[in-house]
1. Tell me, what ³J(HN,Hα) does each residue in region 95-110 have, in order and in whole Hz, if you take phi through Karplus 6.51 cos²θ - 1.76 cosθ + 1.60 with θ = phi - 60° and put x for Gly and Pro?
2. Mind pulling the per residue volume of the convex hull built on the Cα atoms of region 1-160? Å³ is fine.
3. Leaving out ligands and nucleic acids, note down the accessible area per residue over region 30-132 with a 1.4 angstrom probe, in whole Å².
4. So if R0 is 45 Å, what FRET efficiency would Q155 and F5 give, r being the distance between their Cβ atoms, rounded to the nearest 0.05?
5. Once each part is reduced to its C-alpha centroid, what is the distance from region 145-193 to region 60-122 in angstrom?
6. Classify region 71-193 from the C-alpha gyration tensor, please: rounded if a/c falls under 1.5, else prolate or oblate depending on whether a/b exceeds b/c.
7. Give, as ranges by residue number, the residues of region 150-193 whose backbone N falls under 11 Å from the point 7 Å along Cα→Cβ of R49.
8. If you roll a 1.4 angstrom probe over the protein chains with everything in place, what fraction of the accessible area of region 32-116 belongs to carbon and sulfur, to the nearest %?
Amino acid sequence: MSHFFAYLDRLKLIRRWGLMRNIEQENDMEHSMQTAMIAHGLAVLGNRRFGSQVSPERVVALAMYHDASEALTGDLPTPVKYKNPEIQSAYQDIEQRARERLIQMLPEDMREDFLPYVQPDENSEEWQLVKAADRISAYIKCLTEEKLGNAEFAQAKATILESILRNPLPQVQVFMEQFVPSYTLSPDELSQG
């Protein structure tokens, strides 16, 4: 018996933004889906407009599993995770052990197929797209909370936007300009074209 997928299913129970008052709750599974869709869009933009040659499908799979370790660790809030180098290093070690444990849950003949997604090459172009999509997803969460009248996300929004604007990938900036503004619109406004 393998517990791999049962553990991953528990991502729907892991709440994000634990230190913030949320008007609209978000869990890790929802976040992973949104990140996968955005990462796919970034991959297609890069391939079509900027000469990249990444597999959008591989990028989607990487994004689906990008927070898989949190099925075992939970989601440590960013202000805690990055507060000091010792905590950051310790948490990276915990995440690595969780990823290893997840891989060990798979039947032996499947481990090699899942390893590149659960323990990705963090220097790859595909992973850089996933990390950019992760930040864009966080920014969209801030926009959503702001739209719902929650001012508590204002500082997070500014900090996240600053990091996105520093991203050197041109497809990230195009996505921000071409697609992100629509997230602030109502369904009526979206249907007007």
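1. 4, 4, 5, 5, 4, 4, 5, 4, 4, 5, 6, 6, x, 3, 6, 9
2. Measuring per residue, one finds 118 Å³ for the Cα hull of region 1-160.
3. I get 55 Å² per residue for region 30-132.
4. Working: r = 37 Å, r/R0 = 0.82.
For R0 = 45 Å, the calculated efficiency reads 0.75.
5. 27
6. Prolate, because a/c is 1.5 or more and a/b exceeds b/c.
7. It comes to 170-180, nothing else.
8. Of the solvent-accessible surface of region 32-116, carbon and sulfur hold 52 percent.
The values are calculated or read from the model by the stated rules, or taken from the named source; none is laboratory data. The structure presented is a predicted model; accordingly, all values stated were derived computationally and were not measured. Glycine gets a Cβ as well: all are built from the backbone with ideal geometry, and neighbour counts include every protein chain shown. Just so you know, the surface numbers come from the protein's heavy atoms only, side chains and all, with ligands and any DNA or RNA stripped out. Shrake-Rupley method; radii C 1.70, N 1.55, O 1.52, S 1.80 Å.
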